[in-house]
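The values are calculated or read from the model by the stated rules, or taken from the named source; none is laboratory data. No experiment lies behind these values; they were computed from the predicted model shown. Here Cβ is always computed from backbone atoms with ideal geometry, including for glycine, and neighbour counts include all displayed protein chains. The protein model used for the area step is the full one, side chains on, heavy atoms only, and it has no ligands, DNA or RNA in it. Shrake-Rupley method; radii C 1.70, N 1.55, O 1.52, S 1.80 Å.
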Amino acid sequence: MCGIVGYTGKRPAQGILIQGLTRLEYRGYDSAGIAVQEGDSLAVIHRKGKVASLEHTLSHFDFQGTCGVGHTRWATHGKPSEANAHPHTSCGGHIAVVHNGIIENFAELREELEGRGHVFTSETDTEVVAHLLEEAYQGDLVAALRDACSRIVGAYGLAAVCDMEPGVIAVTRKDSPIVIGQGEDGAYVASDMIAMIDATRDVVILGDGEYARMTASGIEYTDEAGCAIEPRITHVDWDLDLAEKGGYPDFMLKEIHEQPRVIRDTLAGRLVNGALSIDELDLTPEELNLIDRVYVIACGTSYHAGLIAKNLIEGWARIPTECEVASEFRYRNPIITPTTLVVAVSQSGETADTLAAIRDARVKGARVFGITNVVGSPVARESDGVIYTKANKEIAVASTKSFLGQVVSLTLLAMLLAQAKGKLRMNQIRLLFRELADTAEQVERILAECKPSIEEAARACKDARNALFIGRGMGAAISYEGALKLKEISYLHAEAYPAGEMKHGPIALIDEGFPVIAIATKSPVYDKVVSNLQESKARGAMIVAVATEGDEDIKQHADHVIYIPKVRDAFSAITASVPLQLFARAIAIERGCDVDQPRNLAKSVTVE
Ligand code: F6R
């Protein structure tokens, strides 16, 4: 939540900061601002709204300063407004700071600082940092930052500039990401390397409690005590295309279309001599065999990937598995023993609740595997082993390709556990792996062929106020994700129910034309789903069925049918979730919504 950027070098900073902020908008987009060293003072401009509105304002200024910081915000403390937009400045306006995270003790610090005469101009937690820096500053901005951070409690990625230190940016972090890169023309800092991808692909992922002093001629790294440290360079193989829409009207559609590639990349190199191999987990087959309980913990879409994993791990490996929302898990007292495996799933690798649950589980003695999309993210660093989902950077706020990467990775994990437990023989593993790999082609077919039926169903549902998604078994898990996609990008209220639960309450909602979206693919529970469809249809529901090609009978029960290729039930989440993503997007477009940046949301949720 919130994106920060900074640049110091040879070129005017304004354009570089705006480009970086535009790429970081997925992290928050309710207000934005920059501070540039202009002459011997700081020019600070903020605007409510998206980066485009800030850019428009800045077009009247055209600052030439070559050092500055910027911020795009997702409000936590204080409403979205110009006053609450970052950068925040000290009383004299000599220091400006941008922050991603939460300062937990800001209220007491503010009271203390106001008692000493500081005047606050915003409602944010961040502003205390600007005033603390002002008090601590004695000619060295990094030293002042170190001093200020000794007073603050919470999570922060911070970058500050001061008009008395031309060309210097001081940076630090704790529990919020900071990436630093040295380009040919200067030094860059950001919450995510996507902001600097055209300048460098060799970056330093700053560690907690580490500091950087960035100048046009180089970057010095120090630890909490001020001692010099050697930076660890991470090379990221990203393509510049990642930051662009590549001819698609929005990032969401582009990312939906990348899914066949994600499946192939996630599977590449996993079958070695006919056996499944996930070396990163760093557990011997004997240790894997000892695992007798699994918890999958995650939030939102990642939690839905976990629901699918529960079915697979229990079905194949016969290990009792629970999938829990991380914000609940962390406040319960779950049964954890040394043979418990906790699988933490997080696209961003930053989600505060998932991280807290990981820490809690490790303290209680569990072995923790992370499944994340972001190399070097906190989830990756704090887990005992990590599987990367190979989705590459996901920019649209609604997860699509990262979800598919998670489902494929969790499917591999379930197969690995079953292999270690001797529940699946080698020839079964090979067959499953082959069919799993085939889903890439099946998704390609869905993308090529399903558009007309999806758009027809979307047009029929676009004016609804509510919708229900139903399914059984795997279909129930898929329904949850379908409903979430629809509500988050189209603002249409949607709920998911296991189809068998309909008559225990939700069926009361059904009246003439009420949309019911059913996952009715061929599966062991197909007939049961069809009965539940009929019950809804009899009460006037408008049925949209996601069904298996060749199933002509379903047309009798559904108003709209979206046919997808036949796959084994275990892999149906991979294929059936794709038309639901397209369906949600098509409705959102019909309703005039911004599919990439839905209101009130941000891509990484670093607050509780
Ligand atoms: C929905 C969505 C969110 C995230 C959730 C967890 O499309 O993207 O529900 O899945 O905020 O985020 P991560 O996976 O980064 O932990």
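Things worth noting here:
- P(r) tail for segment 456-496: Cα pairs beyond 15 Å make up 38% of the total.
- Under 5 Å between amide hydrogens, built in the peptide plane, is the criterion, and for SER31 it picks out GLY49, ARG73 among residues at least 5 positions away or on other chains.
- Converting phi to 3J(HN,Hα) with the Karplus coefficients 6.51, -1.76 and 1.60 and the offset θ = phi - 60°, segment 367-379 yields 8, 10, 9, x, 10, 9, 9, 10, 4, x, 6, x, 4 Hz in sequence order, with x at every glycine or proline.
- With contacts taken as Cα pairs under 8 Å and at least 6 residues apart, the chain reaches a relative contact order of 12 percent.
- Heavy-atom accessible surface of segment 1-132, averaged per residue, reaches 35 Å², computed with a 1.4 Å probe.
- Over segment 154-290, accessible surface divided per residue gives 42 Å², non-protein components excluded, 1.4 Å probe.
- Dimensionless Rg over Rh [the chain; C-alpha; Kirkwood]: 1.00
- Think of a 1.4 Å ball rolled over the protein heavy atoms: segment 377-536 then has 36 Å² of accessible area per residue.
- Dividing the helix sum by the residues of the chain, where each DSSP H run of 4 or more adds -39500 (n - 2.57), gives a mean residue ellipticity at 222 nm of -10500 deg cm²/dmol.
- Our coupling estimate for segment 307-315, obtained by passing each phi through the Karplus curve with A = 6.51, B = -1.76, C = 1.60 and θ = phi - 60°, is 4, 5, 4, 4, 4, 6, 5, 5, x Hz, Gly and Pro reported as x.
- Remark: relative contact order (segment 282-389) = 25 percent; criterion is Cα-Cα distance under 8 angstrom and separation of 6 or more residues.
- Classification of segment 1-125 by its C-alpha gyration tensor yields an oblate form. The axis ratio a/c (a ≥ b ≥ c) is 1.5 or more, and b/c is at least a/b.
- Averaged over residues, the count of other Cβ atoms within 10 Å places the peptides 433-440, 162-169 in the sequence 162-169, 433-440, highest first.
- Computed packing ranks the peptides 497-507, 149-159 as 149-159, 497-507, most packed first, by mean other Cβ atoms within 10 Å.
- The spacing between segment 25-46 and segment 113-148, judged by their C-alpha centroids, is 18 Å.
- Near ASP163: Cβ cut-off under 14 Å, other residues only, Lys/Arg at +1 and Asp/Glu at -1. The net charge is -4.
- Accessible carbon and sulfur surface of segment 354-441 relative to its total accessible area, %, 1.4 Å: 49 percent
- Carbon and sulfur %, accessible surface of segment 493-563 computed with the full protein complex present, 1.4 Å: 50 percent
- For PHE469, the residues 5 or more places off, or on other chains, whose built amide H falls under 5 Å of its own are GLU495, ALA496, TYR497, ILE517.
- Inter-part distance where segment 449-528 and segment 97-112 are each reduced to a Cα centre, Å: 43 Å
- Part-to-part distance (alpha-carbon centres) for segment 189-233 and segment 237-301, which is given in Å: 28 Å
- Rounded percent of accessible protein surface that carbon and sulfur make up, segment 89-235, 1.4 Å probe: 48 percent
- 24 Å Cα-Cα threshold exceeded, pairs from LYS79/LYS393; LYS254/LYS522; LYS393/LYS522; LYS421/LYS566; LYS451/LYS555; LYS310/LYS462: LYS79/LYS393; LYS254/LYS522; LYS393/LYS522; LYS421/LYS566; LYS310/LYS462
- Straight-distance candidates among the aspartates and glutamates for linking to LYS423, with alpha-carbon spacing under 17 Å and chain neighbours fewer than 8 residues away dropped: GLU286, GLU287, ASP292, GLU314.
- Cβ crowding within 10 Å averaged over residues, with 85-96, 187-198 ranked highest first: 187-198, 85-96
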